[in-house]
Amino acid sequence: MITTHNLGFPRIGARRELKFAQEAFWKGEVSAEELNITARDLRRRHWQQQSSMALAPLGDFSLYDQVLDMSVTLGHLPARARDTGGSELDRYFRVARGRSANDSACCAIHAGEMTKWFDTNYHYIVPEFDRATRFRLNPQRLLAQLAEARAQGVSAKPVIIGPVTYLWLGKSKDDSDRLALLDDLLRVYAELLTLLADQGVDWVQIDEPALVTELDGDWRHAFHLAYHQLKACPVRLLLTTYFGELRENLQLACELPVAGLHVDAVSAASEVSRVADWLPVHKVLSLGVINGRNVWKTDLQATLDWLEPLHQRLGERLWLAPSCSLLHVPVDLAAETAMDPDIRSWLAFAVQKLDELHVLARALEHGRGAVAEPLAQNASAIASRRQSPRVHNPEVTRAIAAITPELGGRQSSFAQRLETQTQHLKLPAFPTTTIGSFPQTREIRHTRLQYRKGELNEREYTARIREEIAHCVREQEALGLDVLVHGEAERNDMVEYFGEQLDGYTFSQFGWVQSYGSRCVKPPILFGDIQRPKAMTVAWTEYAQSLTDKPMKGMLTGPVTILNWSFVRDDQPRKDTCLQLTLAIRAEVLDLERAGVRIIQIDEAALREGLPLRQSDWQSYLDWAIEAFRISANGVSDSTQIHTHMCYSEFNDIIEAIARMDADVITIETSRSDMELLDAFKGFQYPNDIGPGVYDIHSPNIPEQRHMVSLLEKAAQRIPPERLWVNPDCGLKTRHWEEVIPALRAMVEAAHSLRVS
């Protein structure tokens with residue numbers, strides 16, 4: 001029999017039940033027990049949806065983030081959280097978001113740094129280390145979920161983050177070496193694995209995705225030390241890698257003393273035969289044969305063509321799984337009854353991906369004839385998508401062929417543009433602005449819902465959104481901000497909004513995916529060639545500008561971010577798809593300029609997210625990604641100021657590439673990471689204007705003016721003060737007006753104090 005298993009399942013619920021329970025708890029509307037009841041109900045339902053698997057994951061469910069969960073399991077929360085009162089759940093949420101339910105200001109703390117989980121759009125809470133770091137086992141979360149699974153008759157394997165990857169994901173808050181903590185960390189891991197064995201656990205999935213990155217000799221040696229020490233533990237370890245190829249770490253991964261190895265056979269298909277050759281005969285080989293990060297159906301016949309010989313060779317040593325956790329895809333396609341049936345037939349969400357896995361296993365065990373009907377249906381869908389005239393547009397092909405290098409160049413250097421823009425815009429020193437969005441109130445969401453349902457006509461909808469824009473402009477003028485935005489009341493999401501207006505996209509109703517905590521996104525599905533039929537933002541921006549004499553920013557999402565935050569077609573290179581998006585955004589930029597908009601922000605929040613995991617592969621990606629931004633932005637005159645924004649990622653190591661974007665102003669996250677970005681300027685002089693974010697909008701905490709001043713003073717030590725802007729870290733859509741107003745007032749006052757100092 002072939003063992004099928006899953007590495008992880010979406011935890012938010014098919015209707016975002018976890019999101020709503022989290023937010024209700026934070027507001028004090030439900031108790032911790034009620035939140036936990038929702039969590040238990042979701043786990044029960046998710047295990048039922050995975051019932052076809054021989055082994056279901058246990059411990060993959062989280063109330064906020066799986067890395068933060070591992071920190072709790074290891075007894076490793078920052079001291080600033082350990083010293084606060086309340087329950088363990090309160091301390092957990094304080095690390096995640098700065099405060100828990102009904103916390104007063106005295107209980108609020110600086111939230112943990114948040115950054116991207118490898119090259120995905122999921123964000124994790126970064127573990128913090130220093131010389132005083134010690135670990136102490138806290139296994140209650142895993143033990144409780146183990147008891148739940150057994151009570152429901154679920155055959156489950158605990159899922160934990162491996163010790164080396166855990167250290168690799170974290171940051172030292174002093175100059176201490178993270179690897180110096182390995183011995184103490186392994187002691188706690190050994191305790192945990194032994195405890196699980198005492199509870200009757202046979203297999204433990206231990207995730208070590210750091211193995212698909214470039215590791216120096218010390219980190220490679222850490223893997224040897226860790227697993228030779230843990231091999232004495234009385235459980236079988238399935239060492240799990242995903243998101244990329246092992247390359248120079250392939251032999252290391254195969255030789256580590258574990259009972260099994262999982263490799264991503266989607267992104268590392270070329271390595272499967274080598275892993276099978278290298279892996280000792282007593283070890284299990286788990287292959288991730290279903291793409292856990294995209295929504296397209298798997299070509300089951302083609303997959304069986306290469307799996308069947310491996311199965312004949314390996315027999316029961318061959319396990320099948322998705323390539324990675326299904327956290328990154330929506331829950332269930334069955335709910336998408338309104339979707340175009342042709343496109344729907346090409347898709348598979350989490351539940352359908354497990355069905356595909358089950359079909360593959362049955363075909364290997366009993367022959368393809370045993371699953372002839374599902375294989376035929378799958379083949380028909382694959383052929384339908386491949387042959388569909390809706391996918392390819394000759395007009396788009398001709399437009400891409402006409403792109404020349406000249407499209408990516410500005411008319412003049414930044415110094416010349418700056419002089420022109422200074423005369424035109426007449427902004428003060430330390431100009432203040434926001435990133436784009438303002439609170440998405442219940443009324444705004446209800447208005448959009450009514451419009452989608454046909455309960456409001458176009459005229460009524462436009463009138464209501466204009467009221468929201470006018471309110472937003474009035475509030476900004478009252479605060480004294482220098483450069484205003486229209487607030488984006490008409491936008492459901494910074495990517496989905498644009499996708500809805502571009503040919504080549506389709507959309508789900510319930511295709512939610514967790515980005516972090518209770519923040520969920522519904523990525524649009526990019527299935528065909530992209531065209532912009534008409535202007536997407538001009539009318540709203542023109543109206544907002546008519547309400548004020550201050551400069552109004554036109555707000556766009558950049559082509560690389562639209563690409564990276566969509567479910568992207570897999571039948572052509574990502575570069576080609578990005579260029580199609582680039583031409584659409586360029587046309588919008590030029591339309592905004594023709595409408596008199598003189599500041600245009602093109603957000604590339606996900607630029608780094610698409611960066612390959614190995615530095616040796618970076619240049620190719622950065623070349624086409626930077627080219628895409630430049631083509632989208634650089635058709636404008638010198639007097640039009642181009643802004644871009646990036647958030648919650650590690651930018652220090654690509655700062656030179658960011659400079660090549662040649663945006664007049666870049667705004668970037670720095671407050672939660674305490675201006676860590678400034679380290680990039682020790683050896684590199686950033687040439688253009690920059691707004692290092694001083695207000696952490698992912699926390700409900702309201703920053704103090706003096707804290708913002710200190711951050712800006714720190715920034716001014718590395719960046720000439722005349723090139724500094726003052727702004728939040730990110731958009732304000734997830735916050736409430738009662739938080740936003742005092743925070744922005746403090747931000748404006750901070751800028752004023754710097755102007756007179």
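Only one of (1) of a type in the set (A, V, I, L, M); (2) in a helix (DSSP H, G or I); (3) open to solvent by 10 Å² or more (accessible area, probe 1.4 Å) fails for Val281. Which number is that?
(2)
Considering only the range 533-579, state which residues are touching a Pro at 6+ places or on another chain (Cβ under 7 Å) and open to solvent by 20 Å² or more (accessible area, probe 1.4 Å).
Within the range 533-579, Trp565 is the sole residue that qualifies.
Given (1) in contact with a His (Cβ under 9 Å, 6 or more places away or on another chain); (2) without any contact (Cβ under 8 Å) to a residue 12 or more places away in the chain; (3) not acidic (Asp, Glu), where does Arg134 come up short, assuming only one miss?
Every condition holds for Arg134 apart from (2).
Take the range 612-655 and flag every residue that is open to solvent by 10 Å² or more (accessible area, probe 1.4 Å), under 20 Å from Ala415 (Cα atoms) and out of contact with any Lys or Arg (no Cβ under 7 Å at 6 or more places or on another chain).
Of everything in the range 612-655, those that are open to solvent by 10 Å² or more (accessible area, probe 1.4 Å), under 20 Å from Ala415 (Cα atoms) and out of contact with any Lys or Arg (no Cβ under 7 Å at 6 or more places or on another chain) turn out to be Arg630, Ser637, Ile655.
As an exercise: evaluate Ala348 against (1) in contact (Cβ under 8 Å) with a residue 60 or more places away in the chain; (2) under 21 Å from the mean Cα position of the chain (by Cα); (3) open to solvent by less than 10 Å² (accessible area, probe 1.4 Å) and give the number of the one condition it does not meet.
Answer for Ala348: the failing condition is (1).
Could you check Val201 against (1) open to solvent by less than 40 Å² (accessible area, probe 1.4 Å); (2) closer than 30 Å to Glu676 by Cα; (3) outside any helix (DSSP H, G or I) and say which number it fails?
(2)
Could you list, in sequence order, all residues of the range 217-258 that are of a type outside the set (S, T, N, Q) and touching a His at 6+ places or on another chain (Cβ under 8 Å)?
Leu238, Leu239, Tyr242, Leu252, Leu256, Pro257, listed by residue number.
Among the residues of the range 448-472 satisfying the criterion of being basic (Lys, Arg) and in a helix (DSSP H, G or I), which is farthest from the chain's Cα centre (by Cα)?
Arg459
Exactly one of these conditions fails for Thr84: (1) within 30 Å of Arg131 (Cβ to Cβ); (2) in a helix (DSSP H, G or I); (3) not charged (D, E, K, R). Give me its number.
Condition (2) is where Thr84 drops out.
Within the bounds of the range 473-496, is there any residue that is within 30 Å of Val396 (Cβ to Cβ), in contact with a Leu (Cβ under 8 Å, 6 or more places away or on another chain) and open to solvent by less than 10 Å² (accessible area, probe 1.4 Å)?
Within the range 473-496, none of the residues are within 30 Å of Val396 (Cβ to Cβ), in contact with a Leu (Cβ under 8 Å, 6 or more places away or on another chain) and open to solvent by less than 10 Å² (accessible area, probe 1.4 Å).
Does Gln601 meet the test of being at negative phi, modelled with pLDDT of 95 or more and not in a helix (DSSP H, G or I)?
In short, yes.
From the set of residues in the range 214-271 that are part of a helix (DSSP H, G or I) and of a type in the set (D, E, K, R), which is least open to solvent (accessible area, probe 1.4 Å)?
Filtering first and then ranking leaves Glu271.
Hey, Ser710 hits all of (1) surrounded by fewer than 20 Cβ atoms within 10 Å (Cβ to Cβ); (2) among the small types (Gly, Ala, Ser); (3) at pLDDT 95 or above but one; which does it fall short on?
Looking at each condition in turn, Ser710 falls short on (3).
For residues that are polar (S, T, N, Q), closer than 14 Å to Val272 by Cα and assigned to a helix (DSSP H, G or I), tally how many sit in the range 285-315.
Adding up the residues that qualify gives 1.
In the list Phe93, Phe61, which residue meets the criterion of being touching a residue at least 24 places away in the same chain (Cβ under 8 Å), crowded, with 18+ Cβ neighbours inside 10 Å, farther than 29 Å from Asp202 by Cβ and out of contact with any strand residue (DSSP E or B) (no Cβ under 9 Å at 6 or more places or on another chain)?
Selected residue: Phe93, the only one of Phe93, Phe61 that is touching a residue at least 24 places away in the same chain (Cβ under 8 Å), crowded, with 18+ Cβ neighbours inside 10 Å, farther than 29 Å from Asp202 by Cβ and out of contact with any strand residue (DSSP E or B) (no Cβ under 9 Å at 6 or more places or on another chain).
Could you name every one of the strands (runs of 3 or more DSSP E) located completely within the range 92-187 that has at least 3 residues being under 29 Å from the mean Cα position of the chain (by Cα) and β-branched (Val, Ile, Thr)?
Per the criteria, 156-161.
Can you confirm whether Ile585 is open to solvent by less than 40 Å² (accessible area, probe 1.4 Å), assigned to a helix (DSSP H, G or I) and either modelled with pLDDT under 95 or among the β-branched types (Val, Ile, Thr) (or both)?
yes
Condition check: modelled with pLDDT of 95 or more, open to solvent by 10 Å² or more (accessible area, probe 1.4 Å) and of a type outside the set (Lys, Arg). Does Thr506 satisfy that?
For Thr506, the condition - modelled with pLDDT of 95 or more, open to solvent by 10 Å² or more (accessible area, probe 1.4 Å) and of a type outside the set (Lys, Arg) - is met.
Could you list all residues from the range 508-547 that are farther than 30 Å from Leu18 by Cβ, in contact with a strand residue (DSSP E or B) (Cβ under 6 Å, 6 or more places away or on another chain) and of a type in the set (S, T, N, Q)?
Result: Gln531, Thr541, Gln545.
Just to verify a result, which residue in the range 408-439, among those that are among the small types (Gly, Ala, Ser), in contact (Cβ under 8 Å) with a residue 24 or more places away in the chain and in a loop (DSSP other than H, G, I, E, B), is farthest from Ile631 (Cα to Cα)?
Only one residue tops the list, namely Ala429.
Being in contact with a strand residue (DSSP E or B) (Cβ under 6 Å, 6 or more places away or on another chain) and either open to solvent by less than 10 Å² (accessible area, probe 1.4 Å) or among the β-branched types (Val, Ile, Thr) (or both) narrows it down to one of Leu68, Leu42, Leu35, so name that one.
Being in contact with a strand residue (DSSP E or B) (Cβ under 6 Å, 6 or more places away or on another chain) and either open to solvent by less than 10 Å² (accessible area, probe 1.4 Å) or among the β-branched types (Val, Ile, Thr) (or both) holds for just one of Leu68, Leu42, Leu35, which is Leu68.
Among the candidates Asp674, Asp689, Asp662, Asp638, which residue alone is on the phi > 0 side of the Ramachandran plot, of a type outside the set (Gly, Ala, Ser) and modelled with pLDDT of 90 or more?
Selected residue: Asp662, the only one of Asp674, Asp689, Asp662, Asp638 that is on the phi > 0 side of the Ramachandran plot, of a type outside the set (Gly, Ala, Ser) and modelled with pLDDT of 90 or more.
Does the range 365-373 contain at least one residue that is surrounded by fewer than 19 Cβ atoms within 10 Å (Cβ to Cβ), at positive phi and not in a helix (DSSP H, G or I)?
Yes, the conditions are met somewhere in the range 365-373.
Go through the residues of the range 418-434 one by one and say whether even a single one is more than 30 Å from Arg745 (Cα to Cα) and hydroxyl-bearing (Ser, Thr, Tyr).
no
Considering only residues that are open to solvent by less than 10 Å² (accessible area, probe 1.4 Å) and of a type in the set (Gly, Ala, Ser), look in the range 284-338 and name the one that is farthest from Phe527 (Cα to Cα).
Selected residue: Ser286.
Can you tell me which condition Asp679 does not meet? The list is (1) modelled with pLDDT under 90; (2) more than 22 Å from the chain's Cα centre (by Cα); (3) surrounded by 15 or more Cβ atoms within 10 Å (Cβ to Cβ); (4) of a type in the set (D, E, K, R), and all the others hold.
Condition (3) is where Asp679 drops out.
Of all residues in the range 374-407, which are of a type outside the set (A, V, I, L, M), open to solvent by less than 40 Å² (accessible area, probe 1.4 Å) and either within 30 Å of Leu310 (Cα to Cα) or in a helix (DSSP H, G or I) (or both)?
Within the range 374-407, Asn378, Arg385 meet the criteria.
Do we find that Leu146 is farther than 19 Å from Phe243 by Cβ, open to solvent by less than 20 Å² (accessible area, probe 1.4 Å) and touching a Pro at 6+ places or on another chain (Cβ under 6 Å) in this structure?
no
The values are calculated or read from the model by the stated rules, or taken from the named source; none is laboratory data. Keep in mind that what you see is a predicted model, and the values were worked out from it rather than measured. A quick note on method: Cβ atoms are made from the backbone with ideal geometry, for glycine too, and the neighbour counts reach across all protein chains shown. SASA here: full protein model, heavy atoms, side chains in, ligands and nucleic acids out. Shrake-Rupley method; radii C 1.70, N 1.55, O 1.52, S 1.80 Å.
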